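Read through the structure below, which is laid out as structure tokens, and then see the notes.
The values are calculated or read from the model by the stated rules, or taken from the named source; none is laboratory data. Small disclaimer: the values here were computed from a predicted structure and weren't measured. Cβ sites come from the backbone with ideal geometry, for glycine too, and all protein chains shown count toward neighbours.
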Amino acid sequence: MKLQSDARAGWLFVLPALVFYVTFLVVPYALAFGVSFAKWRGVSLHLEFVGLGNFQRMFGDPFYWKALYNTAFFTVCTGLIVPVMALYFSVAVTRKLVVGARFFRITYFFPNLISQVAIAVLWWFALNPEFGILSNFLRLFGLADLPSWLGDPDWARRCVVAVKVWAAVGFYMVLYISAIEGIPNDYYDAAKIDGAGEMQSFRHVTFPLLSEMMKVTVVFLLLNGFGTFDLVRIMTDGGPDRATETLATYIYENAFELGKFGYATTIAMSLFIITFSLALLSLYLQRKEAVEY
Amino acid sequence: MRFNNTAILDRLGEHGRKTITQIIFVVYGVIVVFPMVWLLYTAFKPTHELFASAWSLPVEWKFDNFVEAWTEARIGDFFWNSLFVTISTLLVQLFVGSMASYSLAKYRFRGQGIVYYGFLAGMMFPIFLGIVPLFFLVKSLGLLDSHLGLIVVYAAFGIPFTVFVLTAFFRTIPTEIMEAGVMDGCGHFTLYWRIMLPLAKPGLTTVGIFTFISIWNEYILALVLLSSSHLRTMPLGIAVLQFVQFYEVDFGALFAGLVIVMLPTLLCYVILQEQITKGMTVGAVKG
């Protein structure tokens, strides 16, 4: 059709979105590459370029390594726990192994609708050693001498992981459910005729056919894990003793509390490089041809 | 690990397995739902009752915490701020994004592919990478600490997802419909506005619901771009309230505030459940 090949009109339709997108996404991201090589206190547009100085400083900064370690810890733990739980739940729901599947499908998704801020405050209450529900529940069983949860460095880290899992499982469960529902029933019937039980049909039918979805999952989990900010900032503010500090909270602290804008951007650059290369690596490792069905 | 130990599960037999599965589901269901239920009824308790007994239902159901949250703690103001920002973002993002998607799906011009994949690439960058330059950019445009600034930034960050979903959606609308429109004398914009946009309503609804939920809950950008207390959105307001009430050891308004921030999105979900779960998997799933 003639109208469709009118390039001028085509561009005009794209233009407003392009202006928004370039101004507020492309430009800041592009600038970040420059700023990460500069010393910049943000007072003026005067940037003093220090070459790799910021990176050198970062590699020698023990707080950076601690934040990186914590971030990696959160990402790895949630990255292992969330998909396993979500897979288990979605298989049980779609293969009708539970009564009330529809109810669980809906309620398990609830945490994904709530602001991370609200989740953080809610759990900050729930984990309060005095009146929080967790401690009170454990006391019912006569357990005394309970840890102070968010007040204890090791427990604080575990609690952040638990809350992250609580907040995320429903989302991945819905993703997997829709993928499993897309698998033709004949496959399961055929497996059944071959004498496969529920476990075998999961191993030989469901799991291989979810490979595409797994690629998506890994990227999501990486971005989500390395971007951990709201939960930690509200629940622990990186404490106690920086035990839950993440790269994101450290970036925020450096930029908007200490005014070290150049250095903060350098850390952000390292965050980007790590996330991006891990995403590429995982896609490369999972590159085997997609199963067609 | 309980999920992988197939040997034990096999020995249990089918009936045993089903029972265990059911128990796990109920227990996890309680872990998900109970904290929210606890929050809900605790919001009707005065703080001293919370300290006296954390579990029990309020002795007397009182609405005072909600009144205090809404007026004194200014959650009411933050609620309207959030509503204004969310709806404005929704309108800007859907209008601008749908035009771009329509063009990318139905027009043909050089550089189209670069624009499309350029938009999608936006979903791959962590927000923190650009946060410092973004702050100064918004500042130099004179939009720092204003709702307008927040809205345009939100709309821009929403474009990748909007384009991703709506381009796929516009592609499914047959071109013959456009041809019929041209026969009737429609110009480029009339064709888009009068004919194509109404047909894209299901796609717009999906994007709309998701944008609503994510903007209503957004924290990082609001934290960085807003500083005046009267401009705060709900998540910012709640975060500040937590800080204030922690020192005053008076949590009533905070509990009530949490209930208020959670309700709109939960209600939205319960009503539009089907559409949300369907929309989530657009493009992520084959066929």
*Of the residues that sit in the stretch B:164-183 and are within 7 Å of another protein chain (Cβ to nearest Cβ) and surrounded by 16 or more Cβ atoms within 10 Å (Cβ to Cβ), which one is nearest to A:N224 (Cα to Cα)?*
B:M178
*So, of the residues in the stretch B:125-135 that are aromatic (F, W, Y) and within 7 Å of another protein chain (Cβ to nearest Cβ), which turns out to be farthest from B:M99 (Cα to Cα)?*
B:F128
*Give the number of residues within the stretch A:37-56 that are at pLDDT below 75, surrounded by 16 or more Cβ atoms within 10 Å (Cβ to Cβ) and not aliphatic (A, V, I, L, M).*
3
*A:N70 vs. criteria in contact with a strand residue (DSSP E or B) (Cβ under 8 Å, 6 or more places away or on another chain), among the polar types (S, T, N, Q) and at negative phi*: no
*Could you identify the single residue in A:T236, A:T217, A:T244 that is touching a helix residue (DSSP H, G or I) at 6+ places or on another chain (Cβ under 9 Å), facing chain B (nearest Cβ under 10 Å) and of a type outside the set (D, E)?*
A:T217
*Can you name the condition, by its number, that B:K45 falls short on among (1) in a helix (DSSP H, G or I); (2) more than 8 Å from chain A (Cβ to nearest Cβ); (3) touching a residue at least 24 places away in the same chain (Cβ under 8 Å)?*
(1)
*What number of residues in the stretch B:89-103 are within 18 Å of B:G149 (Cα to Cα) and polar (S, T, N, Q)?*
2
*So how many residues does the stretch A:171-229 have that are outside any helix (DSSP H, G or I) and of a type in the set (G, A, S)?*
5
*asked:* Take B:F161 and tell me if it is away from chain A (no Cβ under 11 Å) and buried (at least 20 other Cβ atoms within 10 Å of the Cβ).
replied: yes
*Please go through the stretch B:220-260 and pick out each residue that is of a type outside the set (A, V, I, L, M, F, W, C), assigned to a loop (DSSP other than H, G, I, E, B) and either under 30 Å from B:I276 (Cα atoms) or in contact with a helix residue (DSSP H, G or I) (Cβ under 7 Å, 6 or more places away or on another chain) (or both).*
B:R232, B:T233, B:D250
*All but one of (1) at pLDDT below 80; (2) closer than 22 Å to B:I220 by Cβ; (3) of a type in the set (D, E, K, R) hold for B:R232, so report the exception by its number.*
(1)
*If you check B:F78 against the conditions, is it at the interface with another protein chain (Cβ under 9 Å from one of its Cβ atoms), in a helix (DSSP H, G or I), aromatic (F, W, Y) and within 23 Å of B:S228 (Cα to Cα)?*
no
*asked:* Quick check on my filter: what residues within the stretch A:193-209 are surrounded by 16 or more Cβ atoms within 10 Å (Cβ to Cβ) and touching a residue at least 12 places away in the same chain (Cβ under 8 Å)?
replied: A:E198, A:S201, A:F202, A:V205, A:T206, A:L209
*For the stretch A:148-171, name all the residues that are more than 14 Å from chain B (Cβ to nearest Cβ) and free of Cβ contacts under 8 Å to residues at least 12 places away in the same chain.*
A:W155, A:R158
*Just checking, which of B:L94, B:L57 is at pLDDT 90 or above and of a type in the set (A, V, I, L, M, F, W, C)?*
B:L94
*What about B:S82, is it farther than 16 Å from A:V19 by Cα, surrounded by 23 or more Cβ atoms within 10 Å (Cβ to Cβ) and among the polar types (S, T, N, Q)?*
yes
*Sort through B:G111, B:G142, B:G122 and tell me the only one that's surrounded by fewer than 22 Cβ atoms within 10 Å (Cβ to Cβ), more than 10 Å from chain A (Cβ to nearest Cβ), touching a helix residue (DSSP H, G or I) at 6+ places or on another chain (Cβ under 9 Å) and of a type in the set (G, A, S).*
B:G142
*Is there a residue in the stretch B:16-30 that is at pLDDT 80 or above, loosely packed, with under 15 Cβ neighbours inside 10 Å and more than 30 Å from A:E198 (Cα to Cα)?*
no
_Criterion (within 18 Å of A:N254 (Cα to Cα), within 10 Å of another protein chain (Cβ to nearest Cβ) and modelled with pLDDT of 80 or more) met by exactly one of A:F13, A:F20, A:F33, A:F59_ = A:F33
_Residue that is farthest from the other protein chains (Cβ to nearest Cβ) [pool: residues in the stretch A:93-113 that are without any contact (Cβ under 8 Å) to a residue 24 or more places away in the chain and in a loop (DSSP other than H, G, I, E, B)]_ = A:K96
_Meets criteria (of a type in the set (S, T, Y), within 22 Å of B:K18 (Cα to Cα) and either buried (at least 19 other Cβ atoms within 10 Å of the Cβ) or at the interface with chain B (Cβ under 10 Å from one of its Cβ atoms) (or both)) for A:T228_ = no
